[in-house]
Each structure stands twice: as C-alpha cells, then as structure tokens.
Amino acid sequence: MPIATPMLEDNYRRPVRDLRISVTDRCDFRCTYCMPFDEYEWIDRQQILTYEETARLARLFIQLGVDKIRLTGGEPLLRKDLERLVGQLSTLPGIKDLCLTTNGSHLAEKAEALRAAGLQRINVSIDTLDPEKFKRMTKRGDLSRVLKGVFTAKDLGYASIKINAVIERGVNDGDIIPLVDFARKLRLAIRFIEYMDVGNSNNWQSEKMMSKKAILDTIQARYPLKEVGREDGSAPSVDYQFIDGGGDVGVIASVTEPFCSSCTRARLTADGKLVTCLFSETGHDLKALLRGGASDIEISEMIAAIWSKRADRYSDERLEALQSSRGYQPAAHKKIEMIRLGG
C-alpha cells in the first residue's frame, strides 16, 4: 500500500520530482570534461545496489513525489542486463517518464531490449562529429559505433532521442553548427551544455567555458530561433524552436544562468548514496538501511528528512563568486566525481 505523505519540499520549497539513478561508476570512455583519468578507485561490486534494491528505492521516491527517472552512470549500458531494471521501473505506479543517458557505445546492441522493457527516451552524448576529435575528447571512443546506436534507436521508434553536447571553448566550439545540422537532418532534439566544474578531475577553467549566449549567437547566425522556455518550468535546459520548423535546440547554462531555484532533482549513486546536488561533497547512505532490514516507512522517513533539510544552491554561489572581486576557485570545492554521481 502506498505510504501517504504530504508534498515533500526542501528549505527553498523545491519539491522532489526527478530522480537520477547511477547504475555503475564504470565507463569505457575517459572524457576530458568528466573523468579523464585511466585509473580510478572504483566502487566495489558488492557495494553496488542490486536491481531489486534500486527498484525498491525508486518506488519509495515515487511515493514521495518523484515522477521522472533517468538512468545514468558512468556508462549505464556497461551494467549487465540493464533491461531487467528498466522493466521493473517502467511498471512502477506513478512514473510518468523513464529516460537513459548514455555515451552510445553499446546502444546498437542494447536498444531493442531496452525498448521492449519499457524505456521511453534516450539521451546520447556526442560532442563532435569529427571521428579523430571524438577519439581525442573521449580518449577511447569510436564515433561510428555511437552513431550506429543512434540510428538503431531511431529505427526502433523511441519516443524521444536527444543529443547532448558539452561545449569547450577552443576544443569543440567549432562543432556547434555541424551538430545542429546533424540533429535537424535526423529530426532529433539537441541540447548544448556549458562546460562545468563537475567533480575535481577536469581541471575546470572559466576561460574554457562557452556561455549560453555565445552558443545561441553561433546558432542564430545560421538558424533563427524563438524561445520556448523550460519544460515543466524546472527542466535544466532552456529550449528554443527553429523558426523554419526544423526542430528544437536547448542550452543547459548551469554556469552563466543558474537554475538552482527550480531544481527538483535528487540523485542516487550506484552504491546507494542519496545526493541532493550535482556539486555535492557527500551523499547520504540509504544502502545501509536497505541491507539493515529497515522498513519502507523508515527509509521513506530518512529520505524525507534529508530532502526537507536541503539548502543546495551551488551554481548560484559559483556565479556570485565569479562576478565578485574574490573570484571563484574550483579546486577549493571538493565534489563527488561525475563518473560516480551521474549527470
């Protein structure tokens, strides 16, 4: 029986609506803006949540207000039989949207089983269409395999396929229009992402960040746009439509236009830590409750207690520092690595 709870809100009256679930911290790429190191202290496999544990937590989050779930990693398609988890999540009462973010390297082989299990939407990270640059940026990636995955998913009739591209000035800022042309040709949505100081490993420098305004100016010079806004008022991306009807494009501007005030996203790491912000230093251990025999009510009460105390506004604070005389020192803020936390 569902647990009756009032609407769960944090310190700034932000409800919990979206749950990002990392299913593994492993990844077959080493993207320079995420996790460029070849070796890392990986989570012990015995500490990774089982699919049943993950689905149980997801059910409790839904009862507390979540209606959108996104599966992430690391690279989620490295997790064996991921379609089993998709099948468990897709049938949970109350879920409205189930999405997967992937680097696409194994999508061609996995797309059909995931679709059959109930996956509705896929986001694929593609930062350039230049095969050699793609290999340099990912250190290991094969662009042809990723594109094959996109084409396979499109043929299978997914409700939505989006391309995600992180733009770094001096690295792939010249790839914006080719990526837009690719998305328009295939009738795919595309989202550009400002280069952020996620984790501690990417040696973030503000000079390498290309702003939302600069990205939009580049696109507008070729394709006029009109603003649509944020989906549901709280999505990370501000969306735009091409005036000529050629689809839509969005920009996630965490650095220059923070959206902390409308952030409704909770994150669950592969080893069962509840994290309340993409830039958090620590998480809250839910796995100990799961494996310690706690009841659904006890776990829900813990989640509610954590969320109700949430006061995160990291991106707001970063912008304030960037605009101040003191400046912003990313190395002074230790954060959970993106490869462990998920996007």
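Structure summary
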read-out	value
Residue in segment 86-102 that is open to solvent by less than 20 Å² (accessible area, probe 1.4 Å), farther than 19 Å from Q120 by Cα and either among the aromatic types (F, W, Y) or modelled with pLDDT of 95 or more (or both) present	no
Given (1) closer than 30 Å to I167 by Cβ; (2) not in a loop (DSSP other than H, G, I, E, B), number of the condition E53 does not satisfy	(1)
Condition broken by L274, with the remaining ones in (1) buried (at least 21 other Cβ atoms within 10 Å of the Cβ); (2) aliphatic (A, V, I, L, M); (3) free of Cβ contacts under 8 Å to residues at least 40 places away in the same chain; (4) part of a helix (DSSP H, G or I) satisfied	(4)
Residue count, segment 62-80 (criterion: open to solvent by less than 30 Å² (accessible area, probe 1.4 Å) and either at positive phi or of a type in the set (S, T, N, Q) (or both))	3
Selection count, segment 320-343, where residues are open to solvent by 40 Å² or more (accessible area, probe 1.4 Å), in a helix (DSSP H, G or I) and farther than 30 Å from L49 by Cα	4
Members of segment 288-319 found to be among the hydrophobic types (A, V, I, L, M, F, W, C), part of a helix (DSSP H, G or I) and surrounded by 15 or more Cβ atoms within 10 Å (Cβ to Cβ), listed by number	L289, L290, I299, M302, I303, A304, I306, W307, L319
Every residue from segment 143-153 that is open to solvent by 10 Å² or more (accessible area, probe 1.4 Å) and touching a His at 6+ places or on another chain (Cβ under 9 Å)	R145
So R140, is it in a loop (DSSP other than H, G, I, E, B), open to solvent by 70 Å² or more (accessible area, probe 1.4 Å), in contact with a Ser or Thr (Cβ under 9 Å, 6 or more places away or on another chain) and not aromatic (F, W, Y)	yes
Some residue of segment 13-25 being closer than 26 Å to E168 by Cβ, touching a residue at least 60 places away in the same chain (Cβ under 8 Å) and assigned to a loop (DSSP other than H, G, I, E, B)	yes
Those residues of segment 183-227 which are in a strand (DSSP E or B) and either open to solvent by less than 70 Å² (accessible area, probe 1.4 Å) or under 28 Å from L156 (Cα atoms) (or both), in sequence order	A189, I190, R191, F192, I193, E194, M209, L225
Pairs where the first residue, in segment 284-305, is modelled with pLDDT under 95 and the second is part of a helix (DSSP H, G or I), C-beta under 6 Å, 6+ apart	none
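The values are calculated or read from the model by the stated rules, or taken from the named source; none is laboratory data. Values in this document were obtained by computation on a predicted structure and should not be read as measured data. Cβ sites come from the backbone with ideal geometry, for glycine too, and all protein chains shown count toward neighbours. Heads up: the accessible areas ignore ligands, DNA and RNA and are worked out on the full protein's heavy atoms, side chains in. Shrake-Rupley method; radii C 1.70, N 1.55, O 1.52, S 1.80 Å.
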